[in-house]
1. Hey, can you tell me all the residues within the stretch 32-69 that are among the aliphatic types (A, V, I, L, M) and free of Cβ contacts under 8 Å to residues at least 60 places away in the same chain?
2. Looking at M103 and the list (1) at pLDDT below 95; (2) crowded, with 17+ Cβ neighbours inside 10 Å; (3) part of a loop (DSSP other than H, G, I, E, B), which single condition is not satisfied?
3. Kindly evaluate L61 against the criterion of being surrounded by fewer than 20 Cβ atoms within 10 Å (Cβ to Cβ), under 29 Å from A28 (Cβ atoms), aliphatic (A, V, I, L, M) and at pLDDT 95 or above.
4. Just name the residue that is surrounded by the most Cβ atoms within 10 Å (Cβ to Cβ) out of those in the stretch 106-128 that are assigned to a strand (DSSP E or B) and touching a Pro at 6+ places or on another chain (Cβ under 9 Å).
5. When you go through V40, V13 one by one, which is the residue that is at pLDDT 85 or above and surrounded by 14 or more Cβ atoms within 10 Å (Cβ to Cβ)?
6. Within the stretch 129-143, does at least one residue satisfy the condition of being assigned to a loop (DSSP other than H, G, I, E, B), in contact (Cβ under 8 Å) with a residue 12 or more places away in the chain and either at positive phi or small (G, A, S) (or both)?
7. Identify the residue in the stretch 108-163 that is more than 22 Å from T27 (Cα to Cα) and basic (K, R) and, among all such residues, is modelled with the lowest pLDDT.
8. Would you tally the residues in the stretch 106-129 being within 30 Å of E43 (Cβ to Cβ) and over 13 Å from the mean Cα position of the chain (by Cα)?
Amino acid sequence: MVKNFFLAFTAAVLLVSCGGNETTSTTATTDDGTHFGAAVSAENAITYEELVPKMAGTDSLAIKISGTVGEVCQKKGCWMMLVSDQPDVPEMRVTFKDYAFFMPKDLTGKRVVLDGFAFISETSVDDLRHYAEDAGKSAEEIAAITEPEREVAFEAAGVLVLK
């Protein structure tokens, strides 16, 4: 019950937060890169590819991971996708705790370290279409989304964009 409430609340906040044009973020630049949200170090981070099998036996996990950004919300920077160079690893949507910070829209291809909470999520057709619209997909691509997706998602308390 609590998990379902959390997932519904997260989806509702995401839909509301992506609608505006203003951008806010908490940033700091250090020797290791640029920090957004809570300070994060790369120490003891596992790769995104290592996270996927760890999620097989649980529905949530507090963890620090590293990965490559595949896409960022082009309206506001309120979500991003991590991608893998391994063919059987799906993309993972990353949102930001309490929507206290957003990411620059030009991070595609950059390496990041995320500290936060991985969880299993079922994303509705409406939310998937919203994300596709935010990503600048065509009307045909958006209309082709007809099934919800069950996926690993991540809520980051902090992000380090590596130099």
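1. First, pick out the residues of the stretch 32-69 that are among the aliphatic types (A, V, I, L, M): 38-40, 42, 45-46, 51-52, 55-56, 61-63, 65, 69.
Residues satisfying the conditions are I46, A56, L61, A62, I63, V69.
2. In the conditions (1) at pLDDT below 95; (2) crowded, with 17+ Cβ neighbours inside 10 Å; (3) part of a loop (DSSP other than H, G, I, E, B), M103 misses (1) alone.
3. On the way: surrounded by fewer than 20 Cβ atoms within 10 Å (Cβ to Cβ): yes; under 29 Å from A28 (Cβ atoms): yes; aliphatic (A, V, I, L, M): yes; at pLDDT 95 or above: yes.
Answer is yes for this residue.
4. Step one: list which residues in the stretch 106-128 are assigned to a strand (DSSP E or B), which gives 111-123.
From the residues that got through so far, the ones that are touching a Pro at 6+ places or on another chain (Cβ under 9 Å) too are 122-123.
Working: E122: 13, T123: 19.
The extreme case among them is T123.
5. Working: V13 fails: at pLDDT 85 or above.
Selected residue: V40, the only one of V40, V13 that is at pLDDT 85 or above and surrounded by 14 or more Cβ atoms within 10 Å (Cβ to Cβ).
6. As a first pass, look at the stretch 129-143 and keep what is assigned to a loop (DSSP other than H, G, I, E, B): 135-138.
Going one step further and asking which of them are in contact (Cβ under 8 Å) with a residue 12 or more places away in the chain, we end up with 135-136.
After this cut, where a residue has to be either at positive phi or small (G, A, S) (or both) as well, the list is 135-136.
Within the stretch 129-143, one or more residues are assigned to a loop (DSSP other than H, G, I, E, B), in contact (Cβ under 8 Å) with a residue 12 or more places away in the chain and either at positive phi or small (G, A, S) (or both).
7. Let us first name the residues in the stretch 108-163 that are more than 22 Å from T27 (Cα to Cα), namely 118-153.
From what is left, the residues that are basic (K, R) are 129, 137, 150.
Working: R129: 94, K137: 91, R150: 87.
Applying the filter and picking the extreme gives R150.
8. 4
The values are calculated or read from the model by the stated rules, or taken from the named source; none is laboratory data. Only a predicted model underlies this, so the values are computations on that prediction, with no experimental measurement involved. Virtual Cβ from ideal backbone geometry, glycine too; neighbours counted across all protein chains shown.
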